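**Student:** I'd like to ask some things about the structure below.
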Amino acid sequence: MSGILWLLLLLQDPVEQQIDESLRRFEAADEVGEALTLLSSQLTALGARAADPLARRLAAELRDGVASAAAPAFVDALAGRPDALAPLQAAFRDATTSAAGRLSLAEALLQLEDALSWRGGLLAIAGDGKASLPDRLRSVRLLLQAEDPGAPGLLRSLVAELPAAPEARQREVVDFLLSLDGPAVRELLRSIAEDRRLPAAVRASARPRPSARATPEDPAERVIDASPRRAPPPGAGAVKKRETAEETSITLPTILAGGGTLVLLALLAAEVLRKG
């Protein structure tokens with residue numbers, strides 16, 4: 001058995017051996033983040049000769065819908081190599097690939113600057129009322145990222161299905177819309193908030209959130225003053241009023257005191273004149 005294994009190792013392509021060795025070191029590492037960065041640089045350094053085996057390995061992995069921790073390094077190593085994407089595109093078109101696998105492959109292809117080969121398949125998933133809602137929403141998100149012209153219509157179709165859907169499904173669609181942005185999305189949320197066929201809680205969750213911006217993008221948003229107003233310290237107003245009164249008012253004793261002084265001066269002057 002050891003002889004057969006040794007023969008297989010000898011027959012293995014040197015590039016495949018280097019890929020396997022890099023993966024073994026990655027899997028044995030304690031710190032995943034640093035190990036992933038190192039794996040990415042090692043696979044990228046293998047150059048064009050490693051592109052096809054890396055694409056085949058990544059395609060086989062993603063078609064099951066579950067990517068390993070090493071998948072981002074594979075994508076990094078394939079960046080800028082459009083001629084190496086054929087295995088991924090073929091796996092996407094394979095009829096035996098699950099919907100989750102197609103979505104994973106489409107995500108990888110979009111990262112590798114292929115925004116066209118998978119659109120038809122995802123349009124079919126997003127428009128299929130029998131498909132799982134998470135798969136449909138994930139498809140719409142990818143189509144929006146690719147700026148597909150059919151994506152807004154798919155969003156409107158999802159909203160149109162809400163009155164007949166269970167409340168949990170309604171909430172899932174509203175949460176998805178809230179994670180997006182743009183005038184069309186806000187208009188759909190307003191239509192949900194005003195649809196009396198939907199439960200009150202669902203309608204309330206779709207209402208635009210108040211904004212702390214000085215000028216909100218949505219006219220329906222209410223501007224909130226983010227800085228709380230501070231009340232003056234207790235008694236501060238009374239102290240200031242008392243201080244002001246003491247500084248500016250003329251009291252009756254002051255007037256009387258001033259008048260008495262004038263009378264004494266007049267009597268003194270009269271006495272001096274009489275004696276003189």
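**Student:** Looking at this structure, is ARG169 closer than 19 Å to ALA184 by Cα and either touching a His at 6+ places or on another chain (Cβ under 9 Å) or in the same structural domain as LEU198 (by TED's automatic domain parsing) (or both)? Lay out the reasoning, then the answer.
**Tutor:** On the way: closer than 19 Å to ALA184 by Cα: no; either touching a His at 6+ places or on another chain (Cβ under 9 Å) or in the same structural domain as LEU198 (by TED's automatic domain parsing) (or both): yes.
No, not satisfied.
**Student:** So, one more: Would a scan of the stretch 149-172 turn up a residue that is of a type outside the set (Gly, Ala, Ser) and on the phi > 0 side of the Ramachandran plot?
**Tutor:** Within the stretch 149-172, not a single residue is of a type outside the set (Gly, Ala, Ser) and on the phi > 0 side of the Ramachandran plot.
**Student:** Further question on the same structure: Quick one: is ALA106 within 23 Å of the chain's Cα centre (by Cα) and either surrounded by fewer than 20 Cβ atoms within 10 Å (Cβ to Cβ) or at pLDDT 95 or above (or both)?
**Tutor:** Taking the combined requirement at face value, the residue satisfies it.
**Student:** Go through the residues of the stretch 190-201 one by one and say whether even a single one is at pLDDT below 95 and touching an Asp or Glu at 6+ places or on another chain (Cβ under 6 Å).
**Tutor:** no
**Student:** I'd like to check something: does the stretch 48-57 contain any residue that is touching a residue at least 40 places away in the same chain (Cβ under 8 Å) and not assigned by TED's automatic domain parsing to the domain that holds LEU144?
**Tutor:** yes
**Student:** Please work out which residue is surrounded by the most Cβ atoms within 10 Å (Cβ to Cβ), limiting yourself to the stretch 202-222 and to residues that are at pLDDT 65 or above and of a type in the set (A, V, I, L, M).
**Tutor:** ALA206
**Student:** In the stretch 25-80, how many are charged (D, E, K, R), part of a helix (DSSP H, G or I) and buried (at least 16 other Cβ atoms within 10 Å of the Cβ)?
**Tutor:** 5
**Student:** Any residue in the stretch 97-115 that's more than 22 Å from THR44 (Cβ to Cβ): show its pairings with residues that are among the polar types (S, T, N, Q) at Cβ separation under 7 Å, as long as the two are six or more apart or on different chains.
**Tutor:** Pairs that qualify, where the first residue is more than 22 Å from THR44 (Cβ to Cβ) and the partner is among the polar types (S, T, N, Q), are LEU103/SER139.
**Student:** Here's something else I'd like to know. Being of a type in the set (Phe, Trp, Tyr) and more than 25 Å from the chain's Cα centre (by Cα), is that true of even one residue in the stretch 172-180? Steps first, answer last, please.
**Tutor:** We begin by selecting, within the stretch 172-180, every residue of a type in the set (Phe, Trp, Tyr); these are 176.
Going one step further and asking which of them are more than 25 Å from the chain's Cα centre (by Cα), we end up with none.
There is no residue in the stretch 172-180 that is of a type in the set (Phe, Trp, Tyr) and more than 25 Å from the chain's Cα centre (by Cα).
This table checks each residue for (1) modelled with pLDDT of 95 or more; (2) crowded, with 18+ Cβ neighbours inside 10 Å; (3) within 22 Å of the chain's Cα centre (by Cα).
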position	(1), (2), (3)
ARG93	yes, no, no
LEU116	yes, no, no
LEU123	yes, yes, no
LEU154	yes, yes, yes
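**Student:** Does the stretch 135-143 contain any residue that is modelled with pLDDT of 95 or more, of a type outside the set (Lys, Arg) and surrounded by fewer than 18 Cβ atoms within 10 Å (Cβ to Cβ)? Step through it out loud before you land on a result.
**Tutor:** Let us first name the residues in the stretch 135-143 that are modelled with pLDDT of 95 or more, namely 135-143.
When the remaining residues are screened for being of a type outside the set (Lys, Arg), the result is 135, 137, 139-140, 142-143.
Pick out the ones that are also surrounded by fewer than 18 Cβ atoms within 10 Å (Cβ to Cβ) and you get none.
No, every residue in the stretch 135-143 fails to be modelled with pLDDT of 95 or more, of a type outside the set (Lys, Arg) and surrounded by fewer than 18 Cβ atoms within 10 Å (Cβ to Cβ).
The values are calculated or read from the model by the stated rules, or taken from the named source; none is laboratory data. Fair warning: this is a prediction, and the values are worked out from it, not measured in the lab. Backbone-built Cβ (ideal geometry, glycine too); neighbour counts: all protein chains shown.
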